[in-house]
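The values are calculated or read from the model by the stated rules, or taken from the named source; none is laboratory data. Owing to the predicted nature of the structure, the values given are computational and were not obtained by experimental measurement. Counting neighbours? That spans all protein chains shown, and the Cβs are built from the backbone with ideal geometry, glycine included. When the accessible area is computed, the model is the full protein with side chains, heavy atoms only, and any ligands, DNA or RNA have been set aside. Shrake-Rupley method; radii C 1.70, N 1.55, O 1.52, S 1.80 Å.
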Amino acid sequence: MAEKEKNQIENATLKKIISHAKEYGFVFPSSEIYDGLQAVYDYGQYGVELKNNLKSLWWKTMTHFYENIVGIDAAIFMHPTTWKASGHVDGFSDPMIDNKDSKKRYRVDHLIEAHIETLKDLGQKDKAQEVEDKMNALIKEDNLAGLRELIIDEKIKCQVSGTSNWTEVRQFNLMFSTKVGSVAEEAETIYLRPETAQGIFVNFLNVQKSGRMKVPFGIAQIGKAFRNEIVARQFIFRMREFEQMEMQFFVRPGTEIEWYNTWKEARKAWHLALGIPADKIKFHDHEKLAHYANAAVDIEYEFPFGFKEIEGIHSRTDFDLKNHQQYSGKKQQYFDTEINQNYIPYVVETSVGADRTFLVQLCNAYTEEVVGEGENQKERVYLKFHPALAPIKAAIFPLTKKDGLPEIAQKIYQDLKIDFNVFYEEKDAIGKRYTRQDLIGTPFCIVVDHQTLEDNTVTVRYRDTLAQERVQISELQDIIAKATSFRGILEQLK
Ligand code: GAP
């Protein structure tokens, strides 16, 4: 299949997933009645359940599952010097270029990447590779003038004005700032955190001492982060307000590469255990290491728009703690009783986006299939979530509104809702009710019918196979608990 045709189909898939997410209550554009806010999204009634399930699973895996990892919840606002020490004030920027005619601003690497894709579509694979190699070399050298020259030489045009009338390339800081203090003149500029990690670093000694933690140990956190991303792309993949799930693992200097390799494999295994096919996940080693890292890798997932980063594993050396020690004047050392030495621990970080993990699950779950034979053939769309992640675990339906069936179904619902997020409905034909649950990925539909009156059995209809099975009402609790527990996932990670 031609590359262009493949891209069109893939983009069509993404479009279908975006409209499915909106139509069925997963993700809405933020403040949509005012035409939305670019790169900001709201999670709907089913989206929030899926996201909460993912966050709970991550929390369970990355804190309770390890005896030497604990969690914290640090504030979004931090003392402004934090961001001087971390390097974000001076170095957290992307190279940008503006088109003078349209006034549209582009991230330089995105602009050149789009040109590379066009060259590939035109069958000029060698030329595309040459431009890509040049771009990577210039980014590695931080050669902004060279990047501009490449854009001019390649005659890259602005999509809006169609001209090549470009400004110089400038670095643009991605942090959002605001003011604290009631009197304007005395107010101090503070930042909305661009990563949750720094809340962990500044609490390293608080946690170590209060929890009597011994190196190696980890601190985990889930929380919002904010970046003024210039180019909003691919739905919730790149947002200005998003959520990170990060863990900093503090180790003895010299052991960090061993731990880096351990965490690299552990985190890949986590994504696979959630049902992502092995050929859709791969590692991508960083070509250009950040100044603080001595090893870094991305875990990438094959989205409909190609393989893209979902998680980063970084060996951050002692960069952050050393700088916090220098800027705060407070020692950030640990006394290792096993070797009788004081040192600043090295850090291996695992950092995954909750929203990107959500998008991975949505893309992986979206299924279209043809069911039935001959004239009865029809297309079915459903979300094949792992039952432990599904927003609603089971839907309970009386077959009809008469003969005491709703009363029995209500009783089952009232009982199951204590342990699970379940749903009750008696309106419309049973087929329609099944379809509505398929569209939001509910793994089980439980139907109370006339036979229930005789023998206390109900039908369980399975989302993926469409198979139906009669079971005792008393068995329901067990069936749902087994399928929806995190146990199956965690056992694979032991
Ligand atoms: N503390 C390290 C750190 O923040 P990063 O690679 O910049 O590293 C880690 O971000 C993860 O956060 C990414 O792999 C991605 O999943 C998520 N992420 C980063 N920027 C994002 C954005 N604009 N929108 C959604 N998720 C984002």
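Find the relative contact order for segment 93-173 and round it to a whole percent, using C-alpha pairs within less than 8 Å whose residues are 6+ positions apart.
Rounded, it is 48 percent for segment 93-173.
Considering only protein heavy atoms and a 1.4 Å probe, what is the carbon-and-sulfur percentage of the accessible area of segment 335-404? Working shown, then result.
On the way: 1270 of 3010 Å².
Looking at segment 335-404 in its full context, I get 42 percent from C and S.
Under the 0.36 nm per residue contour assumption, what length would be gained going from the current alpha-carbon distance of residue 282 and residue 121 to full extension?
55.5 nm
Once fully extended, how much extra length lies between residue 291 and residue 427, figured as 0.36 nm per residue of separation less the alpha-carbon to alpha-carbon distance? If you can, show how the numbers build up before the last one.
Values: separation 136, 0.36 × 136 = 48.96 nm, distance 6.05 nm.
Gain on stretching residue 291 to residue 427: 42.9 nm.
Using 7 Å Cα-to-Cβ label points, what is the residue 417/residue 35 separation (nm, one decimal)?
4.2 nm
Could I have the simple spin-label model distance between residue 164 and residue 228, label points 7 Å from Cα toward Cβ, reported in nm to one decimal?
So the two model labels end up 3.0 nm from each other.
Give me the accessible area per residue for the chain, probe 1.4 Å, as a whole number in Å².
Numbers: 24220 Å² over 494 residues.
For the chain, the per-residue accessible area is 49 Å².
So how strong a dipole does the chain carry about its Cα centre when Lys and Arg Cβ are +1 and Asp and Glu Cβ are -1, to the nearest 20 debye? Let's see the in-between values first.
On the way: 64 positive and 74 negative charges, 138 e Å.
Roughly 660 debye, rounded to the nearest 20.
As I understand it, the value is the acute angle between the Cα axis of helix 354-365 and the longest principal axis of the Cα atoms of the chain; what does it come to in degrees, rounded to 10?
Compared with the principal axis, the helix lies near 50 degrees.
In whole Å, what is the distance between the alpha-carbon centres of segment 61-105 and segment 193-244?
With segment 61-105 and segment 193-244 each reduced to a Cα centre, they are spaced 8 Å.
Using only alpha carbon pairs under 8 Å that are at least six residues apart, calculate the relative contact order of the chain and give it in whole percent. Please report the intermediate quantities before stating the final value.
On the way: 829 pairs, mean separation 65.4, N = 494.
Computed over the chain, the figure is 13 percent.
For the chain, count the residues as N, evaluate 2.2 N^0.38 Å, and divide the Cα radius of gyration by that value, please.
On the way: Rg = 26.1 Å, N = 494, 2.2 N^0.38 = 23.2 Å.
The value comes to 1.12.
Cα-based Rg of segment 385-491 per 2.2 N^0.38 Å, rounded to two decimals?
Numbers: Rg = 13.1 Å, N = 107, 2.2 N^0.38 = 13.0 Å.
Segment 385-491 yields a ratio of 1.01.
Along segment 418-425, what does the Karplus equation 6.51 cos²θ - 1.76 cosθ + 1.60 (θ = phi - 60°) give for ³J(HN,Hα), rounded to whole Hz, x for Gly and Pro?
3J(HN,Hα) across segment 418-425, in whole Hz: 5, 9, 10, 7, 10, 9, 10, 8.
Whenever you get a sec, line up 210, 485 from highest to lowest accessible area (probe 1.4 Å, protein heavy atoms). Could the numbers behind the result be given before it?
On the way: 210 100, 485 40 Å².
Greatest to least solvent exposure: 210, 485.
Summarise the accessible area of segment 420-491 (1.4 Å probe, protein heavy atoms) by the percent that is carbon and sulfur. Could you put the intermediate results ahead of the total?
Numbers: 1790 of 3430 Å².
Heavy-atom surface of segment 420-491 belonging to carbon and sulfur, 1.4 Å probe: 52 percent.
Do you know the relative contact order of segment 385-491, to the nearest whole percent, from alpha carbon pairs under 8 angstrom that are 6+ apart?
Details: 167 pairs, mean separation 32.0, N = 107.
Value for segment 385-491: 30 percent.
Computed FRET efficiency, Cβ-Cβ of residue 403 and residue 140, R0 51 Å: what is it to the nearest 0.05?
Calculated value: 0.10.
Assuming a strict under-24 Å limit between Cα atoms, what lysine pair count do you get for segment 93-173 once near-sequence pairs (fewer than 8 apart, same chain) are dropped?
Lysine pairs satisfying the spacing and distance rule in segment 93-173 number 21.
So if we plug the beta-carbon distance of residue 130 and residue 453 into 1/(1 + (r/R0)^6) with R0 = 51 Å, what FRET efficiency do we get, rounded to 0.05?
On the way: r = 75 Å, r/R0 = 1.47.
According to the calculation, E is roughly 0.10.
Tell me, which longest segment in the chain has none of the GluC sites (Glu not before Pro) that fall in DSSP loops with at most 15 further Cβ atoms within 10 Å?
Numbers: sites that count: 67, 141, 168, 287, 338, 373.
Answer from the scan: 374-494.
Taking 0.36 nm per intervening residue step and subtracting the Cα-Cα distance, what contour gain separates residue 309 from residue 266 on full extension? Don't jump to the answer; show the numbers that get you there.
On the way: separation 43, 0.36 × 43 = 15.48 nm, distance 1.65 nm.
Value of the extension gain: 13.8 nm.
I need the calculated FRET efficiency for the pair residue 367 and residue 485, taking r as the beta carbon distance and R₀ as 30 Å, to the nearest 0.05. Can you show the working numbers first?
Numbers: r = 23 Å, r/R0 = 0.77.
Here the calculated transfer efficiency is 0.85.
Can you tell me the order of 382-389, 415-422 when each peptide is scored by its average per-residue count of other Cβ atoms within 10 angstrom, highest first?
Values: 382-389: 22.5, 415-422: 15.6.
Descending mean neighbour count gives 382-389, 415-422.
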